[in-house]
Amino acid sequence: MDWIKIAFYAFAATAVVSAGAVISVRNPVNAVLCLILTFFSVACVWLLVGAEFLGVALILVYVGAVMVLFLFVVMMLDIDVAALREGWVKFLPVGMVVAVVMLVQVLTLLGVRARAAAPFPENAASIAADASNTKWLAGYLFTDFILPFEFAAVILTVAVVAAVMITLRKRTGIKTQNPAEQSRVKASDRLRMVSMPAEKPAPPASAAEGEGQA
């Protein structure tokens with residue numbers, strides 16, 4: 001019985017199911033929990049096939065930054081944060097299910113890697129003997145796959161700019177700045193010369209009373 005393939009299909013099925021739950025559930029907190037499970041399942045797949053650097057980077061970068069992603073969702077969708085803070089206990093069942101599944105995946109990964117004599121695929125052992133996983137990945141990424149890597153960087157940059165533009169919508173009741181209008185301003189728009197006739201000031205009241213008594 002090939003335990004590596006069984007674990008691979010189990011991790012892949014968990015990732016697909018949890019990814020479907022991310023876009024199907026209505027509550028954003030449940031969606032974030034399912035997204036964490038998706039990232040963790042994919043990371044287990046990377047660790048299973050011998051790509052330790054990709055698996056650890058996926059957990060540290062994506063799972064670690066998922067709360068920042070949740071904050072971006074709150075800003076873009078105008079979710080009532082006060083309502084979400086009320087009754088966090090109702091999210092406990094989903095959180096417990098995600099935690100139990102992640103624990104089972106970790107134990108399965110440890111057991112399978114302990115039973116396997118070599119990582120999957122078979123040529124990964126010879127590759128790892130010549131260089132570390134990080135060095136091998138960097139060598140291929142910046143030589144043979146440099147063009148797709150640059151395309152991915154451009155796509156991610158466009159996505160970041162698009163996310164910022166989505167959040168920059170007009171709202172009533174707050175003070176905002178328009179850099180385009182500020183750069184087009186002229187001196188005549190800010191300064192206006194007004195011609196007013198000169199008037200003789202009235203004498204003080206004490207001086208007028210002294211002249212009347214005299």
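The values are calculated or read from the model by the stated rules, or taken from the named source; none is laboratory data. Small disclaimer: the values here were computed from a predicted structure and weren't measured. Cβ coordinates were reconstructed from backbone atoms using ideal geometry, including for glycine residues, and neighbour counts include every protein chain displayed.
Kindly provide the set of residues from the stretch 131-147 that are in a helix (DSSP H, G or I) and within 23 Å of L47 (Cα to Cα), ordered by number.
Answer for the stretch 131-147, where residues must be in a helix (DSSP H, G or I) and within 23 Å of L47 (Cα to Cα): N133, T134, K135, W136, L137, A138, G139, Y140, L141.
Quick check on my filter: what residues within the stretch 1-22 are of a type outside the set (D, E) and not in a helix (DSSP H, G or I)?
M1
Scanning the stretch 23-41 for residues that are of a type in the set (V, I, T) and part of a helix (DSSP H, G or I), which turns out surrounded by the fewest Cβ atoms within 10 Å (Cβ to Cβ)?
I23
Return a yes/no flag: does the stretch 183-190 have any residue that is among the small types (G, A, S) and either modelled with pLDDT under 80 or assigned by TED's automatic domain parsing to the domain that holds W46 (or both).
Yes, there is a match, as at least one residue in the stretch 183-190 is among the small types (G, A, S) and either modelled with pLDDT under 80 or assigned by TED's automatic domain parsing to the domain that holds W46 (or both).
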